[in-house]
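What follows draws every value from the coordinates through simple rules; no lab data is involved. Only a predicted model underlies this, so the values are computations on that prediction, with no experimental measurement involved. No Cβ is skipped: glycine too gets one built from the backbone with ideal geometry, and neighbour counts run over all protein chains shown.
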């Protein structure tokens, strides 16, 4: 009987260790897959298209002769944009909204050098002191420029707002112009051009917000055309402590 009890304890101990190992392996595997997925998204988001770089360099080339001071400003903005792109890959965890906003402003300054008065941006961001995943705001604004801007139509208006609402840090990105496709639209509408993807990782932004800080992203269409994107992150998961 004593040997039987000892054997039972031994089997239970082995079983307990095995279960603990399986749980640890499952958690490690999920974290590893999340890190790989997050890195893959960052790399894909930062793949600048050759024509985009070509247009920027061409603008700088002509501005060097026509307006050297403006050329210098575009070079400065493009340098900041590149630095923010490269540093985003190495960022772990959440970053300040102010840092993400700087990245977004650098991108807009670069594209405005080409389109000038065709892109009009308004900032209403009194709330800056909170955190969010890197590459959250900038891809939304890039989507607006890529899909809503029509050089043959009225200027594209982009409004970026922040506010505190019922213990949630809220970011609102509103743009006029053409409705850019959401992930739901893509299920029924194929992309028109191979290099003009319907959206830049909207589902991935949603996923990263949910996993990293229990945040959410909702998209809706403006009555007069355009899109409203709203990010909500609870203060418990996004405030600096």
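Counting neighbouring beta carbons within 10 Å and listing from fewest to most, the residues 214, 207 come out as 214, 207.
Scoring 230-236, 128-134 by mean Cβ neighbours within 10 Å over their residues and listing the highest first yields 128-134, 230-236.
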